[in-house]
Amino acid sequence: MLETPFYSAVTVASERYPFAPVGLLMLDQFQSNEWIGDVQEPVFVAHGTADRTVSVSNGERLFQEAPNPYDVWIEPGADHSDLWARGIWERAQTFFADTAGGG
């Protein structure tokens, strides 16, 4: 389960600072987009459309690259820290119950 994930840290930095060569400046770019291909477990992504910390497109793009996608929940109007108040726990319980034991 990935809550408000980023495609890569360098992607987020590029979105925030389009005038800076962040790809050249960041030593550790946290390339989740490169690592997700090795994740064999089911992937559930939760993100809000009003996330001002990590834009929702990051979660959507990362989910699209997951080799074993389970579900993506995009909550309209939710910001970066709003998902718990908007029902992520109920969705997480369903995800964990559905995927327990590798199923």
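One table, with the values for the structure above:
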item	result
Count - residues of segment 32-49 that are surrounded by 14 or more Cβ atoms within 10 Å (Cβ to Cβ) and of a type outside the set (V, I, T)	7
Qualifying residue in segment 8-30 (condition: in a loop (DSSP other than H, G, I, E, B), surrounded by 12 or more Cβ atoms within 10 Å (Cβ to Cβ) and in contact with a strand residue (DSSP E or B) (Cβ under 9 Å, 6 or more places away or on another chain))	no
Segment 67-103, residues that are without any contact (Cβ under 8 Å) to a residue 60 or more places away in the chain and surrounded by 19 or more Cβ atoms within 10 Å (Cβ to Cβ)	W73, E75, A78
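Taken together, the values in this text are just the output of simple stated rules run on the coordinates, not laboratory data. Because the structure is predicted, anything quoted here is derived from the model rather than measured. Quick reminder, even Gly has a Cβ in these numbers, built from the backbone with ideal geometry, and neighbours come from all protein chains shown.
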